[in-house]
Amino acid sequence: MQKTKKYLTILAYTIPSLIFVCYILFLCFMPKEVAVHFNLEGNVDRYGSKYEFLITAFVFYLIPMVLTLIYDRVKMPDLYKVVGLSCALAMPLAFIGVTIYFFVKVAINSVGVIFLLENRISFILTFVAALIFIATHILPFVYGKQKFKKEITQKYYYVIYILMGVCSFGILIGTLFLGNYYSFIVFFGLIALAIAVWYIFAAVIKKIENKSK
C-alpha cells in the first residue's frame, strides 16, 4: 500500500507538470496567430493569439495539482489516499488525450507553422527550464532532506525546490514571450534573484535561531 501510494503521488505530481511543459514548448514554435477554436465537425471557426492556450495549460496543470495536494497532504486513511490519488492521476491522463488533439489540430490548421530551431537560445533555455520544472516535482521524493549536509537546508529544503520551480517557471514564460537576447536577461536575472532570495532567507532564519538560543 505504501509503495503504491508513493508511486501514485510521484506520477500525480509529475504528469501535470509534463503537460504544462509540453504546452509551453509547443507554443514556442507556433506563429503568433493560430487556430484557437473548433466546431463540432472539427473545423476551425476562430483564429486568435497562441497565448490563449496558456489558459488551457494552467487549467490542465492546476486542477489535478490541487487534487493531488489535497490527497497527499490532508490526513486520511491510506486507502482513501490511494483512491483519491488515482482519481487525481486519471484527470491529467485524460488531459493528455485532449492535449494531443489540440496540438495536431492547431499544427495542421495554423498557417506558417514551422518547427525549426531559429531561435536557438530561447529554445535551449526553455528546454533547460522545462527539465528543471519537471525535476522540482520529482526531486522531493528521491532527494530527501537527510541528504543535505547543512542543517538549515535540511530544515527548509522544500524552499530550495520552490525557488527552483519559480525560477524555471519564469524562464519558461519569459522565453515564450520575449525574444532571443532578452532570454539571457530572463535566465540569468531569475537565477540571480533565486540565489539572492535564498541567501536572504538563510540569513533571516539564522538570525531567528541565534535569538532563540
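What follows is calculated from the coordinates using simple rules that are stated; it is not laboratory data. Given the structure is predicted, the values throughout are model-derived calculations rather than measurements. Every residue, glycine among them, receives a Cβ derived from its backbone with ideal geometry; neighbour counts consider all protein chains shown.
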For the stretch 64-75, indicate whether the set of residues that are outside any helix (DSSP H, G or I) and either among the β-branched types (Val, Ile, Thr) or surrounded by 12 or more Cβ atoms within 10 Å (Cβ to Cβ) (or both) is non-empty. yes
Checking Asn43 against (1) without any contact (Cβ under 8 Å) to a residue 12 or more places away in the chain; (2) touching a Leu at 6+ places or on another chain (Cβ under 8 Å), the condition it does not meet: (2)
